[in-house]
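Below is one structure, written out as structure tokens; the observations come after it.
Computed from the coordinates by the stated procedures, all read-outs in this text should not be read as laboratory data. Computed from a predicted structure; not experimentally measured. Neighbour counts are summed over all protein chains in view; Cβ atoms, including those assigned to glycine, are modelled from backbone coordinates with ideal geometry.
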Amino acid sequence: MSSLPLQAIKSLSELHQKPSHLRFQYGTAGFRTLGSTLDSVLFRVGVLAALRSKRLDGRTIGVMVTASHNPEEDNGVKLVDPRGEMLEASWEAHATVIANALTTNDLLDALDSLVRTLKIDLSKPARVVYARDTRPSGESLISALQDGLKAIGAEARDAGITTTPILHYLVKAINTKGAKDSYGEDSEEGYYTKLSEAFKKLVAGRRRLDPLIVDCANGVGASAAAKLAQYLGDSLTLRLENTSITTPGALNHACGADFVKTTQKLPPSLTDHLRPGQRGCSLDGDADRLMYYYLDERGTFRMLDGDKIAALVAAFIVEQVKLAGLSDEIKVGVVQTAYANGASTKYLAERLPVKCVPTGVKHLHHAAEHYNIGVYFEANGHGTVLFSPATQEKLATHEPSTPAQSTALNHLINLTQLINQTVGDALSDMLLVEVVLAHKSYSGVEWDSLYADLPNRLVKVVVGDRNAFKTEDAERRLVSPPGLQTKIDDLVRKYEGGRSFVRPSGTEDVVRVYAEAALKAQADELAFRVAGLVYDTAGGDAAKRPKEFL
Ligand code: NG1
Ligand code: ZN
């Protein structure tokens, strides 16, 4: 029975000591905080990823170093499980324990206890593939990670600077290599080839779409989109903007998917590039979120968010399933969170089953796996479509009875290739949207008119202890602090079309308040009044009560 290489871990760990005053937590987005504080975390994640791989019989684990849409000074790291999915939830707690061991000796004890509790066979190989986004702190964090991998003797593969979804793709491709369910070539080229070939087949014979403006958030999506554009050739023209990946401070600054969603505005840098009627879209800093938009004929900004993408895509897939003659055998469902616009939920629920789950990709992903075809999108633009293994098998073996059925069947098969089913992928989702627009001959205007968004407002409240906020019913209701939900209900009743909910953020030390109502001014007012209630219940210092919380 092998044992942990204590000496190697010990001496390398000494080079990556934990700052004594900090506590780290593996949350919905992995570890995420100021990049300059993460050195010890990265070293330890290296060791942990290797242990996870050993636990899973040497299957390859992924490590992604990114802080997504956060400002440039932040960074983070998350683990990717062998099927390309998020780390299994029970390991989030192990990661937190390992990251918080105070000294090297405590770390060795924590690792030893993990190995014993989980009965990890240390004689198994450890295989890890890792990548990072363009953040300046990434380089040194990767070297801390490499020290962790070296300390435990893992076989490591450096996937360089790439997007989060490409890393997820690679993990799945590596683990399915040569198997019947092979996900594709385990290289970036394999990814671009798979997506672009499926796209070309899906748009063959359709009128070519106008060029699409792509805001790359000055992040890693810029280089990925540039490579993708080459593979796409003249099947789709991408005009890339915000591609300054080396300009200090530019990443996610006044651009990108999160800027668009939270401000509900066009990035100022695009003002001179987007003509009225033209489609534009924004990626986030690691290219796993996507927001579309256009300017109407009066020049007003119109946002097409994750909910609008879900509506467009789900309706299209339902239609193709029907055309293929498979409606009885293949059921399509949608998964949303409480942040989905009420109008989108109404639109979708009239057409297919819709489920609401708590915030966090893992919840959406797992709920989507319960459908034959599960479409999930967060309003912020993170999402994908999952085809169950049985459904993929059915598509591969079904005998169509008419040429029309055969065409629809081929479209569905090509969609399984176009869509990155491991995780939300801005580039894959972008091609998916473009396919549907090409098939429906929709511009942004027709797409937008599927339903009208209810005006809404999202605000943050800084409170003494956000853990005092506990929710139920997929985060739509508070059970604690006691009495607060009743006050919110009383307030909401006063607003036409009113809906509001409060939940603690999983990624920031704040409580989020969401509100929607029939009119914009009412949605704003409701959000600020509920925020006021939250602040008064849990905020502490009344003198610091933000003025806008009426
Ligand atoms: P929190 O901070 O828990 O609200 C945010 C997003 C989530 C998800 C995670 C992970 C909102 C309101 N919340 O979570 O949807 O994307 O970050 O990045 O957008
Ligand atoms: Zn992201």
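When H370, H382 are ordered from fewest to most other Cβ atoms inside 10 Å of their Cβ, what list results?
Working: H370 14, H382 23.
The most exposed by this proxy come first: H370, H382.
List the relative contact order of segment 456-549 as a percent without decimals, with contacts defined as Cα pairs under 8 Å and 6+ residues apart. Let's see the in-between values first.
On the way: 173 pairs, mean separation 32.1, N = 94.
Reported as a whole number, the value is 34 percent.
Segment 410-435 to segment 111-131: how many Å between their Cα centroids?
If you average the Cα positions of each part, the centres end up 34 Å apart.
Compute the FRET efficiency between S449 and E139 as 1/(1 + (r/R0)^6), taking r as their Cβ-Cβ distance and R0 = 56 Å, and round to the nearest 0.05.
Result of the calculation: an efficiency of 0.75.
As a footprinting exposure proxy, order Y192, Y294 by other Cβ within 10 Å, with the fewest listed first.
Least to most surrounded, the residues fall as Y192, Y294.
Averaging sequence separations of C-alpha pairs under 8 Å and six or more residues apart, then dividing by the length of the chain, give the relative contact order as a whole percent.
12 percent
Quick check: pseudo-label points 7 Å beyond the Cα along Cα→Cβ at E88 and L34, how many nm apart are they?
3.6 nm
Assuming R0 = 30 Å, can you tell me the calculated FRET efficiency for the pair D234 and K440, based on Cβ-Cβ distance, to the nearest 0.05?
0.90
With r as the distance between the Cβ atoms of T262 and D181 and R0 = 41 Å, compute the FRET efficiency 1/(1 + (r/R0)^6) and round to 0.05.
Calculated transfer efficiency: 0.60.
Could you tell me the center-to-center distance, by alpha carbons, between segment 191-261 and segment 320-385 in angstrom?
25 Å
Would you kindly derive the ³J(HN,Hα) couplings of segment 480-492 from the backbone phi angles with the Karplus curve 6.51 cos²θ - 1.76 cosθ + 1.60 (θ = phi - 60°), listing them in order in whole Hz, with x for Gly and Pro?
8, x, x, x, 5, 4, 4, 5, 5, 4, 4, 5, 4
Show the residues, 5+ positions off or on another chain, whose built amide H is closer than 5 Å to the amide H of Y26.
For Y26, whose amide H was placed from the backbone, the distant partners under 5 Å are T96.
Give me the extension gain from D106 to E189: residue separation times 0.36 nm, minus the current Cα-Cα distance, reported in nm with one decimal. List each step's numbers first, then the result.
Numbers: separation 83, 0.36 × 83 = 29.88 nm, distance 4.27 nm.
Taking 0.36 nm per residue and subtracting the Cα distance, the gain is 25.6 nm.
Report the net charge of residues surrounding R239, where surrounding means a beta-carbon distance below 15 angstrom and charges are Lys +1, Arg +1, Asp -1, Glu -1.
-3
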